[in-house]
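Some notes on the structure that comes next.
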Amino acid sequence: MKDILDTMAADGVLDEGDLARVRDMQAEGVPLDQALAEAGPPPETLLPYLADAFGVPYVEPETTPVDGRLVREFPARLLLKHSLLPLRRENGAVLVATSRLFDTSGLDELRLATGRELRPALAPAAGIARCVKQQLGVGADTVQSLVSDAAETDIRVLSETDEAVDLAADAEDASIIRFVNQVLTEAIELRATDVHFEPFEDELSVRYRVDGVLQEATIPHEVRQFQAAIVSRLKILSRLDIAEKRLPQDGRIKLMMDGREIDVRVSVIPMLHGEAVVLRLLDRSAALLGLEGLGMSVADETALARICELPHGIVLVTGPTGSGKTTTLYAALSRINDVQRKIITIEDPIEYHLRGINQIQVAGKAGLSFARGLRSILRHDPDVILVGEIRDIETAEIAVQASLTGHLVFSTLHTNDAPGAVTRLVDMGVEPYLVASSLEAVLAQRLVRLICPACKESYEPTEPQALVTTFGPPAPSELYRGVGCRECQGTGYRGRTGVFELMPISEGVRRLILQRASAGDVRELALQEGMLSLRRDGWRHVLAGRTTVEEVLRVTKDERLHADVLVETSREDA
């Protein structure tokens with residue numbers, strides 16, 4: 001033992017103080033591996049020395065081939081409890097990774113439970129835990145206990161009236177509760193914005209939307225037989241009717257995790273093979289961004305700040321669901337929120353609580369719609385109004401009237417780009433002269449994933465001129481990408497930022513609105529007047545090394561290609 005400590009001291013792994021502490025702990029009966037771990041060296045540095053000194057293999061679980069079928073032959077409860085990972089069969093024994101060389105209780109219990117010959121290999125505990133979860137799936141120990149309990153239960157024939165009662169009891173089972181909690185915990189740890197429970201004929205799929213992209217969660221295949229109980233548990237949490245399986249239902253759950261308040265919106269829809277559930281996760285404790293934190297160019301940020309100071313008019317933010325529209329609107333409101341302005345919002349749902357701002361929650365069941373709430377808001381003498389979304393002609397007309405009577409109105413609209421918002425309002429039935437006189441600016445936006453800083457690397461583009469053709473100048477000599485690492489779950493991306501298309505309503509655009517011009521004509525004039533398209537604004541992030549070419553292409557469309565398709569289609573029709 002003295003040899004290994006002397007070697008580590010000679011190699012600079014342990015300093016004199018660490019060496020003294022380890023020897024003192026050993027004298028008190030503390031095992032060597034535990035003493036070394038408490039002395040401070042990271043496991044990746046410490047364990048290879050122990051493996052070499054005691055003649056056992058050292059492995060990195062995430063880079064070592066693992067026999068997945070072999071792992072599933074062992075009790076998940078013991079693997080997770082003792083941080084053990086079966087790697088492979090070797091000379092009639094099973095090589096099992098462990099982080100504790102001198103604490104053999106875990107290996108002994110596993111050996112007793114399976115009757116197999118086991119040989120230890122040393123590996124970092126964190127790597128073992130990640131690999132076990134990857135191989136077995138989320139809540140593997142919980143599902144195993146559910147399967148064993150179900151096997152021991154006698155078959156019962158349920159009448160249709162008993163079904164709801166039975167499902168309620170199943171949903172309150174400790175194992176079902178634990179499994180749902182484990183899925184939610186992993187989703188929050190992965191920074192997921194949505195969790196999808198999707199039933200198919202022979203499996204229950206669970207997917208997380210992380211940074212705007214869906215990725216499949218690894219869960220045990222046996223969980224499919226408990227799908228009804230899992231859905232019932234989610235319904236109970238969100239105060240929905242567990243007996244209703246024919247109609248869609250919407251609810252909400254409030255969670256507290258590590259001191260963070262998580263608001264969960266729940267949507268349940270009947271599908272072919274059962275009910276599908278989608279959870280939208282909203283972290284209320286997340287810090288609100290200012291305009292400077294949205295990822296805007298300096299020019300767009302300055303222009304939007306100036307627009308926010310207007311005394312009246314309508315400012316629209318457009319984009320698909322999940323593109324960050326609400327975050328942008330909150331940033332704009334936060335900028336102008338002071339004691340001299342009265343700001344009232346009507347939202348569905350209220351995503352963040354803003355101090356000093358009056359916020360109203362839409363309540364469809366009680367009859368409080370956007371239109372009805374907006375009428376009442378106008379009687380409260382506001383200076384600034386935020387309407388969560390313009391969904392119908394009634395809301396649009398009231399918003400226009402509010403802007404014409406001296407109020408600054410912010411709202412969102414579902415269109416693909418900024419010019420499309422103009423024609424959308426006209427198509428909804430708002431008179432062109434009202435749109436032209438009330439609309440002040442439209443901001444279209446998307447979210448692109450940021451390159452993971454932990455695995456970021458530079459590379460030389462193979463065809464820089466092709467990129468100029470796609471995005472515009474300048475031709476880059478160097479670009480960046482993420483290789484993929486543990487921090488980003490191998491995606492190469494971590495976090496998101498915005499790309500924007502800001503179109504102030506100029507006199508030229510107002511004339512086109514009055515002429516009922518197409519969105520293409522409005523876009524052409526806006527670009528001539530200096531508007532940057534979403535793709536061009538995304539190119540700014542690529543050149544700055546914040547995101548990749550592929551990511552910008554993923555979230556934006558080629559306007560020239562779109563125009564060519566329209567021309568070709570019109571020729572064919574002719």
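The values are calculated or read from the model by the stated rules, or taken from the named source; none is laboratory data. Nothing here was measured: the structure is a model prediction, and the numbers come from that model. As a convention, Cβ positions derive from the backbone with ideal geometry for all residues, glycine included, and neighbour counts pool all protein chains shown. Note: areas computed on protein heavy atoms with side chains; ligands, DNA, RNA excluded. Shrake-Rupley method; radii C 1.70, N 1.55, O 1.52, S 1.80 Å.
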Residue selected from the stretch 491-511 under the condition of a type in the set (D, E, K, R) and farther than 27 Å from T327 by Cβ, by the criterion most open to solvent (accessible area, probe 1.4 Å): R511
Enumeration of residues in the stretch 479-502 that are touching a residue at least 40 places away in the same chain (Cβ under 8 Å) and either more than 18 Å from W539 (Cα to Cα) or in contact with a Phe, Trp or Tyr (Cβ under 8 Å, 6 or more places away or on another chain) (or both): L479, Y480, R481, G482, R486, Q489, T491, G492, R494
Residue in the stretch 74-84 that is buried (at least 17 other Cβ atoms within 10 Å of the Cβ) and in a strand (DSSP E or B) present: no
Candidates V317, V384 - the one that is surrounded by 15 or more Cβ atoms within 10 Å (Cβ to Cβ), at pLDDT 95 or above and more than 26 Å from V264 (Cα to Cα): V384
Condition met for A331 (out of contact with any Leu (no Cβ under 6 Å at 6 or more places or on another chain), in a helix (DSSP H, G or I) and open to solvent by less than 20 Å² (accessible area, probe 1.4 Å)): no
Candidate set: the stretch 282-308, residues that are in a loop (DSSP other than H, G, I, E, B) and among the hydroxyl-bearing types (S, T, Y); chosen: the one least open to solvent (accessible area, probe 1.4 Å): S297
Residue list for the stretch 433-469, restricted to those being free of Cβ contacts under 8 Å to residues at least 60 places away in the same chain and of a type in the set (V, I, T): T462, V468, T469
Inter-residue pairs, beta-carbon under 7 Å, first without any contact (Cβ under 8 Å) to a residue 60 or more places away in the chain and in the stretch 68-94, second among the polar types (S, T, N, Q) and assigned to a loop (DSSP other than H, G, I, E, B), 6+ apart: S83/S99; L87/T64
Single unsatisfied condition, R496 versus (1) within 33 Å of the chain's Cα centre (by Cα); (2) of a type outside the set (G, A, S); (3) more than 30 Å from C308 (Cβ to Cβ): (3)
Subset tally (residues that are open to solvent by 60 Å² or more (accessible area, probe 1.4 Å) and within 24 Å of A366 (Cα to Cα)) for the stretch 334-356: 2
Top-ranked residue in the stretch 471-490 [being closer than 22 Å to R535 by Cβ and in contact with a Lys or Arg (Cβ under 8 Å, 6 or more places away or on another chain); ranked as most open to solvent (accessible area, probe 1.4 Å)]: R481
Members of the stretch 430-445 that are within 26 Å of G498 (Cα to Cα) and open to solvent by 10 Å² or more (accessible area, probe 1.4 Å): E440
The stretch 417-429, residues that are open to solvent by less than 10 Å² (accessible area, probe 1.4 Å) and over 34 Å from the mean Cα position of the chain (by Cα): none
Breaking point among (1) at pLDDT 60 or above; (2) open to solvent by 70 Å² or more (accessible area, probe 1.4 Å), for W539: (2)
Residues of the stretch 240-281 satisfying the condition of being open to solvent by less than 40 Å² (accessible area, probe 1.4 Å), under 17 Å from the mean Cα position of the chain (by Cα) and acidic (D, E): D263
First in the stretch 100-128 and within 22 Å of P42 (Cβ to Cβ), second anywhere and charged (D, E, K, R), Cβ under 7 Å, 6 or more apart: R100/D33; L101/D33; F102/D33; A123/E60; P124/E44; G127/E60; G127/E62
Residue match in the stretch 97-114 (condition: open to solvent by 40 Å² or more (accessible area, probe 1.4 Å), polar (S, T, N, Q) and under 31 Å from the mean Cα position of the chain (by Cα)): no
